[in-house]
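Here it is, the structure, as structure tokens.
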Amino acid sequence: MNIHEYQAKQLFEKFKVPTPRGLPAATAEEAAAAAGELGGAGLVVKAQIHAGGRGKGTFKNGFKGGVHLVQSAAEAGEVAGKMLGQTLVTKQTGEAGKLVSKVLVAESVDIKHEYYLAILLDRGSSRPVVVASREGGMDIEEVAERSPEKIIRETVHPLLGLQAYQSRVIGKRIGLPSSQLNAFHKLLSALYALYLKCDCSMVEINPLVETPDGRILALDAKFGFDDNALYRQKDIAAMRDLAEEDPRDVEASKYGLNYIGLDGSIACLVNGAGLAMATMDIIKLHGGEPANFLDVGGGASKEQVVAAFKLILSDPKVKAILVNIFGGIMDCNVIAEGIVAAAREVGLSLPLVVRLQGNNFEAGQRTLAASGLRIESADDLTVAAKAVVAAAA
Amino acid sequence: MAILVTPQTRVLIQGITGEFGGRHARASLDYGTAVVAGVTPGKGGQFFEHGGVKVPVFDTVEEAARETGATAAAVFVPPAFAADAILEGVAARLELVVAITEGIPVNDMMQVKEVLRGQSVTRLIGPNCPGIVTPGTGEKSHGGCRIGIAPGHIHKKGRIGVVSRSGTLTYEAVWQLTSRGHGQSTCIGIGGDPIHGLSHTDVLRLFNDDPETDAIIMIGEIGGSGEVDAGRWAKEHCRKPIAAFIAGATAPPGRRMGHAGAIVGGADDTAAAKKAALRACGIAVADSPSDMAETLLAAMK
């Protein structure tokens, strides 16, 4: 789950991570009022969407740039008016762009130096790791490729928490002046507390800036949250913006389906994440292109299969469907009956290849054959993959 | 001997009175597994009955282990309470805890992992895994030890070890072996979460030391470095043939593919990079999930 920049700023304020003051606005009037409250001059108005590259983006109404410096409350209102309700296209949004329904009005700060600072899970040690660099303000992957020695990593013991000496070591290694080390420890401790208490999977500040008047501030941030922990993070879960998500993903999650849309023409419906990935792989191996990843979980109830078929059919690129179910505990015949009922309910007309294996699969295949529907049935995965590739060609 | 569990292993089930735990407790009893106790806080003194067997239910793992001699646990507890259930098994000094639960918060598992590191009695399999099966000698491998949710009947007693991060893909490999007449010593799903107990390397080490295992199928997926670490270990230490499959060759970067841990984070954890690294370690890699068993059988010749 992602959140907007203004929401990130609210989290920083709550956990006392120093950040320039800012306020969200949903109308031009609100933006002007926010700008007035922040002192009127030396402010920046930023379109709020879940995508990068806003500064260089263009609105579909022709207005250029999703980030503007303004010098008065009136100007803030005027700029916000040109952004709100409009669609912003950036290199990350694709051609469709993203609708802007909020802007952030914030203090603009002078910058002496830009750093990079993040906390995320280090899978190797199963501990949080602080990643920092003197080279901030740009893509950290670029820095990692060009000069990996400039990226500092320091893991934190989960039962001890971040220690003060670790902040000093990190601060020194990224070249902070001695006079800033205490302030940096305060900021990093606050960030670590936020990371833990909000069940973040990642928090990234890029850039972390040092100002000419000696402040260290989090200028822009990106958050990731552990989906497994959202049940105990009601405030975070409430920040979810469904308008920013692929409507198919939203629909899928309602039925306990795991769906990811791709660019190919062969849809697949599989039980289990590993087998779902493997099914996509075998389609590709035999010359086809998968249209999606779709895991229906350990079972595969009729309701789930109906919802899954509807999702698959909402993608106009799909030319054929492969259902691959390994019936472990579940009876394959029950699954076959569910598939037939679901295919009838959605009026399926695309070629459908069903591969059932495991418990009572022979009876399942008989049920599919007797249905009178256009279903090709196979018990071998390779045979099924070749059949669906041929059907989509 | 097999690894970690044998048909004699005495098993307790945490969450036995729940719908999910109960269903799989019955399946394990039907398979012939020695399910000797259940644990559900607040329901101590009750019995879980199935097929003429009365399994006593206890309030705590400590009590259940003491009264019944159980040494292994299956955790079927909901995500919010699962870390507590795992830690209870560690505190009771069980030999093995198998966490089936999907959806445990990462921060909870991070603390569990630190506790596991500080002791050497309990091993953890999972979470978010199908569990472990050591097949028995009866019809459809009846009489074996099944802890978790895997279908027991697709197994066959034999000499091939299977280790995997996924559930149904593991069944696929097991079925390919069984239908070709090759049985398994033990099959383990280590789970799809980024923080888990036993790693691929840990399981390879156990198989390598097991006189009843001749060869190994290792199944992995995108994300993390567990498979490649295991490959490097195997190159130096493993005396037995290994075949591998890595799922996710077609997965787009940056998207979580069902499993919390299945996400391409960089250049090293793509399927292509992992396959190349494993091949460089002398491991036979199957490109098709249909060829997992065939690839191993060819490597054994």
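The values are calculated or read from the model by the stated rules, or taken from the named source; none is laboratory data. Quick caveat, the model's predicted, so the values are computed rather than measured. All Cβ positions, even for glycine, are placed from backbone atoms using ideal geometry, and neighbour counts span all protein chains on display. The accessibility values were calculated without ligands, DNA or RNA, using every heavy atom of the protein model including side chains. Shrake-Rupley method; radii C 1.70, N 1.55, O 1.52, S 1.80 Å.
Would you be so kind as to identify which of B:Gly226, A:Leu99, B:Thr68 lies farthest towards the positive end of the dipole of the protein assembly as shown, taking Lys and Arg as +1 and Asp and Glu as -1 on Cβ and the Cα centre as origin?
Most positive-ward Cα: B:Gly226.
Quickly rank B:139-150, A:217-228, A:173-184 as a protection proxy: mean count of other C-beta atoms within 10 Å, highest first.
Listed from highest to lowest mean packing, they are B:139-150, A:217-228, A:173-184.
Give the separation of the Cα centroids, the range A:1-36 to the range A:264-290, in Å.
43
Continuing with this model, one more query. At a temperature of 20 °C and a viscosity of 1.002 mPa s, determine how fast chain A diffuses translationally according to Stokes-Einstein, using the Kirkwood radius over alpha-carbon pairs as Rh; express D in µm²/s, rounded to the nearest whole number.
89
Under the rule of -39500 (n - 2.57) per DSSP H run of 4 or more residues, summed and divided by the residues of chain B, what mean residue ellipticity at 222 nm is obtained, to the nearest 500 deg cm²/dmol? Don't skip to the end; give the middle numbers.
On the way: 9 runs with 99 residues, N = 301.
Per the formula, -10000 deg cm²/dmol.
Rounded to whole Å, give me the distance from the Cα center of the range A:324-357 to that of the range A:66-100.
47
Let me ask something else. For the range A:129-178 and the range B:224-301, what is the separation of their C-alpha centers, rounded to whole Å?
If you average the Cα positions of each part, the centres end up 31 Å apart.
Taking Cα pairs under 8 Å and at least six residues apart, what relative contact order does chain B come out at, in percent?
Relative CO of chain B lands at 14 percent.
Compute the accessible area per residue over the range B:71-151, keeping the other protein chains in place, probe 1.4 Å, unit Å². Display every interim value, and only then the final one.
Working: 2710 Å² over 81 residues.
Computed with neighbouring chains in place, this is 33 Å² per residue.
What is the helix-to-structure angle for A:273-285, meaning the angle in degrees between its Cα long axis and the longest Cα principal axis of chain A, kept from 0 to 90 and rounded to the nearest 10?
70
May I pose another question? Can you give the convex hull volume of the alpha carbon atoms of the range A:1-141 per residue, in Å³?
Numbers: hull volume 19.0 nm³, N = 141.
Hull volume over Cα atoms, normalised by residue count, gives 135 Å³.
Sticking with this one: Equivalent ellipsoid semi-axes for the range B:207-272, as square roots of 5 times the alpha carbon gyration tensor eigenvalues: give them largest first, rounded to whole Å.
Over the Cα atoms of the range B:207-272, the semi-axes work out to 27, 11, 9 Å.
Over the residues of the range B:243-296, compute the C-alpha Rg and express it relative to 2.2 N^0.38 Å.
1.16
For chain A, with only Lys/Arg (+1) and Asp/Glu (-1) charged at the beta-carbon, what is the dipole magnitude about the Cα centre, in debye rounded to 20?
In debye, rounded to 20, chain A gives about 480.
Take the alpha-carbon positions of the range A:1-41, form their convex hull, and give its projected area averaged over all directions (one quarter of the hull surface) in nm². Before the final figure, lay out each step's value.
Values: hull surface 14.2 nm².
Mean orientational projected area (the range A:1-41, Cα hull): 3.6 nm².
Along the charge dipole of the range B:1-145, which of B:Ile100, B:Val133, B:Thr122 sits closest to the positive end, that is, farthest toward it, with unit charges on the beta carbon of Lys, Arg, Asp and Glu (+1, +1, -1, -1)?
Positive-most Cα among the choices belongs to B:Val133.
Just for the protein assembly as shown, what percent of DSSP beta bridges are antiparallel, to the closest 5?
Here the share of antiparallel DSSP bridges comes out near 55 percent.
If the only charges are +1 at each Lys and Arg Cβ and -1 at each Asp and Glu Cβ, what is the size of the charge dipole of the protein assembly as shown around the Cα centre, to the nearest 20 debye?
Rounded to the nearest 20 debye, it is 600 debye.
With Rg and the Kirkwood Rh both taken from Cα atoms, where does Rg over Rh land for the range A:308-393? Mind showing how you got there, number by number?
On the way: Rg = 12.2 Å, Rh = 12.9 Å.
On the Cα set of the range A:308-393, Rg over Rh gives 0.94.
Kindly provide the pair-distance distribution of the range A:109-172 built from C-alpha pairs, with 10 Å bins from 0 and whole-percent values in order of increasing distance.
Pair shares across the bins are 20, 47, 29, 4.
Enter the angle in degrees (range 0 to 90, nearest 10) between the Cα long axis of helix A:181-197 and the first principal axis of the Cα atoms of chain A, meaning the one along which they spread out most.
In chain A, helix A:181-197 runs at an angle near 30 degrees to the longest axis.
What distance in nm separates the simple spin-label points at A:Leu230 and A:Met202, each placed 7 Å from Cα in the Cβ direction?
Roughly 1.8 nm, to one decimal.
How high is the relative contact order of the range A:195-305, in percent, counting Cα pairs under 8 Å that sit 6 or more residues apart?
Once normalised by length, the contact order is 19 percent.
Please state the relative contact order of chain A as a whole percent: Cα pairs under 8 Å, 6+ residues apart?
With pairs under 8 Å counted, the relative contact order is 12 percent.
Based on the Kirkwood radius over alpha-carbon pairs, what is the Stokes-Einstein translational diffusion coefficient of chain B at 20 °C with 1.002 mPa s viscosity, in µm²/s?
D = 112 µm²/s.
So what is log10(I(q)/I(0)) for the range B:54-193 at q = 0.15, 0.16 1/Å, when the Debye sum runs over its Cα atoms only?
With one equal scatterer per Cα and no solvent, log10 I(q)/I(0) is -0.76, -0.85.
On to the next question. How far, in degrees from 0 to 90, does helix B:271-280 lean away from the longest principal axis of the Cα atoms of chain B, to the nearest 10?
The angle comes out at about 70 degrees.
Then there is this: Mind putting together the pair-distance distribution for the protein assembly as shown? All Cα pairs, 20 Å bins, whole percent per bin, short to long.
Per 20 Å bin, starting at zero, the Cα-Cα P(r) for the protein assembly as shown comes out as 17, 46, 30, 6, 0 percent.
What is the Cα convex hull volume of the range A:123-259 when expressed per residue in Å³?
That works out to 158 Å³ per residue.
To continue, here is another question. Over all alpha-carbon pairs of the range B:14-90, lay out the pair-distance distribution in 10 Å bins, whole %, shortest bin first.
Spelled out per bin, shortest first, that is 20, 59, 20, 0.
Quick check of the Kirkwood formula: for the range A:233-297, what is the inverse mean of 1/r over all pairs of different Cα atoms, in Å?
One decimal place: 12.9 Å for the Kirkwood radius.
How large is the charge dipole for chain B, taken about the Cα centre, if only the Cβ atoms of Lys, Arg (+1) and Asp, Glu (-1) carry charge, to the nearest 20 debye?
Working: 28 positive and 30 negative charges, 125 e Å.
Charge dipole, chain B, about its Cα centre: 600 debye, nearest 20.
Select from the range B:157-190 those trypsin sites (Lys or Arg not before Pro) which occupy a DSSP coil region and have at most 15 other Cβ atoms within 10 Å, ordered by residue number.
Working: sites: B:Lys157, B:Arg159, B:Arg165, B:Arg180; in loops: B:Arg165, B:Arg180.
Filter output for the range B:157-190: B:Arg180.
Another one. Please report, in whole Å, how far the alpha carbons of the range A:266-327 spread along each principal axis, starting with the longest.
The Cα atoms of the range A:266-327 stretch 30, 25, 13 Å along their principal axes.
Still on this structure, please answer the following. Kindly provide the trypsin sites (Lys or Arg not before Pro) of the range B:199-247 that DSSP labels as loop, not H, G, I, E or B, and whose Cβ sees at most 14 other Cβ atoms within 10 Å.
Sparse-neighbourhood loop trypsin sites (Lys or Arg not before Pro): B:Arg239.
Using Cα-only point scatterers and the Debye equation, what is log10 of I(q)/I(0) for the range B:177-240 at each q in 0.23 Å⁻¹, rounded to two decimals?
Normalising to I(0) and taking log10 leaves -1.05.
Sticking with this structure for a sec: Which one of A:Val388, A:Leu294, A:Gln304 is farthest out on the positive end of the charge dipole of chain A, using unit charges on Cβ (Lys, Arg +1; Asp, Glu -1) and the Cα centre as origin?
After comparing all options, I get A:Leu294.
Can you give me the Rg/Rh ratio for the range A:236-393, using Cα atoms for both radii and the Kirkwood formula for Rh? Show your work: numbers first, answer last.
Working: Rg = 14.9 Å, Rh = 15.4 Å.
Rg/Rh for the range A:236-393 comes to 0.96.
Per residue, how much accessible area does the range B:185-254 have with a 1.4 Å probe, in Å²? Kindly include the intermediate steps, with their values, before the conclusion.
Numbers: 2060 Å² over 70 residues.
Per residue, the range B:185-254 has 29 Å² of solvent-accessible surface.
Something else about it: Beyond 28 Å, what share of the Cα-Cα pairs of the range B:155-301 remains, rounded to the nearest whole percent? The partial results should precede the final answer.
Details: 1102 of 10731 pairs.
That tail contains 10 percent of the Cα-Cα pairs.
Ignoring ligands, DNA and RNA, how much accessible area is buried between chains A and B, both sides summed, with a 1.4 Å probe, to the nearest 100 Å²?
The buried area between A and B, both sides summed, comes to about 3900 Å².
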